[in-house]
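The values are calculated or read from the model by the stated rules, or taken from the named source; none is laboratory data. Keep in mind the model is a prediction, meaning the values are calculated, not measured. All Cβ positions, glycine included, derive from the backbone under ideal geometry; neighbour counts span all protein chains shown. Note: areas computed on protein heavy atoms with side chains; ligands, DNA, RNA excluded. Shrake-Rupley method; radii C 1.70, N 1.55, O 1.52, S 1.80 Å.
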Amino acid sequence: MSTAPKSAARSLSRGSCVYLATLLITIMLVSRSHAHRAHHTLTSVAWNSNTYAIEVIHRLHIQDAVRALQKRHATAHLSLQPVRNQALLALYVENHFSLSVENKTPATLDMVGVEFAGDEVLVYQELRLEDPPAEVSISCTLFQEVFDTQVNQVNVSIPGSVQTLMFDKTGALP
Amino acid sequence: MHKNKSFVSSALAYAAFVFAAWALHHDTAAHPVSQSKGTFEDKFRQLDETWPTANTYRVASGAPGADYWQQRADYVIKATLDEKAMRLTASETITYTNNAPESLRYLWVQLDQNRFKHDSLGELSLAAGESDIVSYNALRRRQAMTARDHGYEIKSVRAAGGAPLPYTIVDTMMRIDLPRPLRTGRSTTFSIDWAQNIIDEEAIGGRGGVEVFEDGHHIFALAQWFPRMAAYSDYEGWHTKPYLGLGEFALEFGDYDVSITVPADHVVSATGVLQNPGEVLSATQRRRLEAAGNADEPVFIVTPDEALENEKEGTDETRTWRFKAENVRDYAWASSRKFVWDAMTVEQDDEDNPSVLIMSFYPNEGEPLWSKYSSHVVAHTIEVFNHFAFPYPYPNAQSVNVWDMGGMEYPMVTFNGFRPTDEEKVEDRTYSRETKYGLITVIIHEIGHIYYPMVVNSDERQWAWMDEGINTFLHYTAHFLWEEGYPNPSSGRPSMLDRIPDYMVSANQVPIMTQSDSILQYANNAYMKPTAALTILRETILGRELFDFAFREYARRWKFKRPTPSDFFRTMEDASGVDLDWFWRGWFYSTDHVDISIEDVRAYRLSTGDPDQEFAKDRIEARRDRPEPLTPQNNRAEGIETYTDRFPELRDFYNDNDRYTVSNADRNSYNARMAGLEDWEKDALESALQEGENIYFVDFRNIGGLVMPLPITIVYADGSEEEMMIPAEIWRRNAQTVTKRLMRDKTIVSIELDARHEIADADRNNNYFPRRIIPSRLEAFKVANTTRNLMADMLLELKSESEEKEEDLEANESAPLVPVDSNENR
């Protein structure tokens, strides 16, 4: 049995992005699914050369977001309609998604806001920089404490292509 | 040094050549036709070489053939629920009819509950995730799995005469060996006795199980609960792919006679029509049920107050509810003493089922939401799906409230989550927007599944998109017909076609045509992308008339039959009369996305070629396009004379004539050219000149790879606009770059591609000529959002609060773990 904390590092093309898994402790996860709908998030990370900022947009299913906040705050009910609860979601995202530039400590992303779009809630963050980043490290543990079948996908747009990082369980779902 | 570098380069080049040669050889071996020279990719290559060869079972039009056959399985089931033990004991008699042209020596039965055995293939193949965390859910599930055994306890398998039949269990499948081959057209009857512990759905997960309430009562929702005949088809033989958890089911149609024995105070919702209301319902309930048969609004069969009263009493007695269902491919039921029950009726234009009884079953915990919406949403769904498919084919449709966020479909019965929570139910008993629209959405979706795949019986185990994608497309369509702005008028009417590009640009994805258990990003792949594709097909490529006709034809052809993907693709082409192979190839067989750029627009005007007319115009244009430098202008302004001004005798012919001065040689050349034209060519030129046509060459580049039609909006100098749709076939000879020539009598000032957001284009920055600066989604949000400052203040406040309790909050999320030094284990 290995006792080393599990940490994976993968290089993305053009050497511009590196993925680092969160440094937590390993144990076998078992899965549970709510019958019909899979639990996924999709995060887009892109450099905006007009504003000189890394823009981060998280697409979260509203029900999953509600469930995560209910669990985190140990409450049976929580609606995302009040602005205060949208701020709670923003705070949750800040705690479960991090981005580091050039291997430094995770940057403090500016929270831009929260927006509803159909059955999704979009959370916007950005990081203003003086120069385009040469290397980005990302960690994403959104909803993994709620759904053991959670799959988080992060698409990092670099000029000419999109690189995809998956923060997921690779096994089948029950 | 230089020599070494060359060597390395040569070695690399050689390796690349060898690899390319191998890949080419490999490709040639895999496909009967290949592009063995050059890099041309035929995005319009016909799919005949990919699709199975048509035969007399499935013909090339996509319809069932003259010799189409399918098996049949009829069931008589008796089941008894032990509520306290959360256990089911049952026996079934299956009559299996072999309509295949060949004899069968053995039969395969699906044992889906075996997925929940400790050593099932699905359980053992679960992998850990990327992060080293263990959630409380994971701990609870492990405890629930070890507390008692799950899966089927098969007691006996016997032939009709009672003789034991040999059987072999292979994970979630069971082979029964027949004493003699079952010949074509013949039936065999056998019985299975079994028992099973019912899984705690909240702890273990799954598509059925029991929900345990804090008050000690239960809702049982039994799905995949009985040994079911595996499908046997003309294209796959026995469908033996095991149940791993995600891929759903392939099943046969048949009639069911099911007797369910439950505690006497339970109300049962089940597939089929209740046969013995006199034995299980009170006179009042029977009278109300009869009234519901004429009600176009929900009426209570069991009121909320009666359900609450029912929860108080308790009984040791049992009652047996008997149901019969005809021509269904599966069977599910739910049972609880907590159920409120309402019902209403919808009429439809159908001889077999002129009216459909709609019923909803829910605990008081679902109120006031469920009585207000559930049955109405079922009625709405039937109305919409009837338009796109066929009249609802069963006598009733039921919506049953199960655990939070549940959602699963069966013939006539659907299990749907969402209910208000106690905290929500302040004095005015309200509920959140999320809960309301979550409920409406899930009911539309699950009732829709009664059409696809419960009646259009596609193989869910292999192709999730065939039911999930088609159903989500219709459920998305039904949203727009429920109310304007669904589900939130303030959310900017989100479009699936704006949403799906974020997924389709992903580097890590699989085509829609991927087996269900192997799909990455299940929701986006099997639900959302097919929805986007079919929406584009209906609204943009085929138009509603052609699409709706073809889509209905697919449903009509395969109602109560088993279609495969090629049957769908072929029918849509056959009935619409439009070749769509390029569309299926791009959207269903590839991972390309849509990103098309307007690269350049070049403008020309038609010229007479006559130097006496044209040279003067050319001079004017040249002066317009190449203005005089500032230096001579400023020289003149300062009154500076040039040298030749001072010595005019130095000026000659070249000072008086520029390159636009017409010479006799120019005139002779023009006359000679005109003399060489045919009369029709002269007429065409003169006619075009009279119309004053401008000619534009518009260059498009396909960046995403997916070929699509080009909807363009042309803006003219006079302010008018023109919408134009260039068909996708423009890409057929070059799928990377194409140029479209436009001839217009008006002057074009700009062109926009996909102004109506109808082709799911991923990058709008390159959709304009001339280019525009398009604010990113985030920038646009900043401008439009009015609550940012409010939320920023709130965030600051919360951050100062949460600093003190962050550890407590994290403790709510996952179990505390500490690393263990391996030496301690020795």
Where does helix B:664-675 land angle-wise versus the long Cα axis of chain B, in degrees 0 to 90, nearest 10? 40 degrees
In degrees from 0 to 90, rounded to the nearest 10, what is the angle of the helix B:433-448 Cα long axis to the longest principal axis of chain B? 80 degrees
Helix-derived mean residue ellipticity, 222 nm - over the protein assembly as shown, DSSP H n ≥ 4, -39500 (n - 2.57), to 500: -9000 deg cm²/dmol
B:E691 paired with B:A127, simple spin-label distance in nm, labels 7 Å along Cα-to-beta-carbon: 6.1 nm
With every protein chain kept in place and a 1.4 Å probe, the stretch B:207-344 has an accessible area per residue in Å² of 35 Å²
Taking 25 Å as R0, compute the FRET efficiency from the Cβ-Cβ separation of B:N785 and B:K372 and round it to 0.05. 0.20
What's the whole-number percent of alpha carbon pairs in the stretch B:633-683 lying beyond 16 angstrom? 67 percent
Kindly identify the stretch B:295-436 as rounded, prolate or oblate by the Cα gyration tensor criterion: order the square roots of the eigenvalues as a ≥ b ≥ c, call it rounded if a/c is under 1.5, otherwise compare a/b with b/c, prolate if a/b is larger, else oblate. oblate
Cα-Cα longer than 31 Å, checked against B:K155/B:K561; A:K71/B:K78; B:K84/B:K324; B:K84/B:K559; B:K372/B:K782, kept in input order, equals B:K155/B:K561; A:K71/B:K78; B:K84/B:K559; B:K372/B:K782
With Rg and the Kirkwood Rh both taken from Cα atoms, where does Rg over Rh land for the stretch A:38-173? 0.97
Scattering from the C-alpha atoms of the stretch B:93-218 alone, worked out with Debye: what is log10 I(q)/I(0) at q = 0.12, 0.14 1/Å? -0.62, -0.76
Taking the Cα centre of each part, how many Å lie between the stretch B:298-365 and the stretch B:760-776? 54 Å
Once each part is reduced to its C-alpha centroid, what is the distance from the stretch A:128-167 to the stretch B:179-217 in angstrom? 42 Å
Directionally averaged projected area (convex hull, Cα atoms, the stretch B:371-478), nm²: 6.9 nm²
Roughly how compact is the protein assembly as shown, stated as its Cα Rg over 2.2 N^0.38 Å to two decimals? 1.13
Run the 1.4 Å probe and let me know the accessible area of B:E721, rounded to the nearest 10 Å². 120 Å²
If contacts are Cα pairs under 8 angstrom and at least 6 residues apart, what is the relative contact order of chain B in percent? 10 percent
What is the stretch B:200-242 by shape, rounded, prolate or oblate, if you read a ≥ b ≥ c off the alpha carbon gyration tensor as root eigenvalues and call it rounded for a/c under 1.5, prolate for a/b larger than b/c, and oblate otherwise? prolate
Once all protein chains are kept in place, A:R84 shows an accessible area at probe 1.4 Å, nearest 10 Å², of 90 Å²
Just the number please: accessible area per residue for the stretch A:38-173, 1.4 Å probe, all protein chains included, in Å². 30 Å²
Accessible heavy-atom area order of B:E313, B:E545, B:E686, B:E201, highest first, probe of 1.4 Å: B:E545, B:E313, B:E686, B:E201
If DNA, RNA and ligands are ignored and the probe is 1.4 Å, what is the ranking of B:S335, A:S161 by accessible area, most exposed first? A:S161, B:S335
Debye log10 I(q)/I(0) for the stretch B:509-610, one point scatterer per Cα, at q = 0.21, 0.24 Å⁻¹: -1.19, -1.37
Other residues with Cβ under 12 Å from the Cβ of B:T737 give, with Lys and Arg +1 and Asp and Glu -1, a net charge of 0
Crossing angle, helix B:304-313 versus chain B [Cα axis fit, 0-90 degrees, rounded to tens]: 40 degrees
Restrict the search to the stretch B:85-166; then list the GluC sites (Glu not before Pro) that DSSP places in a loop and that have at most 14 other Cβ atoms within 10 Å of their Cβ. B:E102
Under 1.5 on a/c is rounded, so check that first for the stretch B:567-716, then, if it is not, pick prolate when a/b is larger than b/c and oblate when it is not; a ≥ b ≥ c are the square roots of the alpha carbon gyration tensor eigenvalues. oblate
Value of Rg to Rh for chain B (Rh from inverse mean 1/r over Cα pairs, i.e. Kirkwood): 1.10
P(r) for the stretch B:608-663, please, calculated from all Cα pair distances in 10 Å bins and given in %. 19, 33, 36, 11, 1
Can you give me the solvent accessible area of B:L520 with a 1.4 Å probe, rounded to the nearest 10 Å²? 60 Å²
Suppose a student asked you for the relative contact order of the stretch B:91-181, using Cα pairs under 8 Å spaced at least 6 residues apart; what percent would you report? 43 percent
Solvent-accessible ranking of B:T414, B:T591, largest area first, probe 1.4 Å: B:T591, B:T414
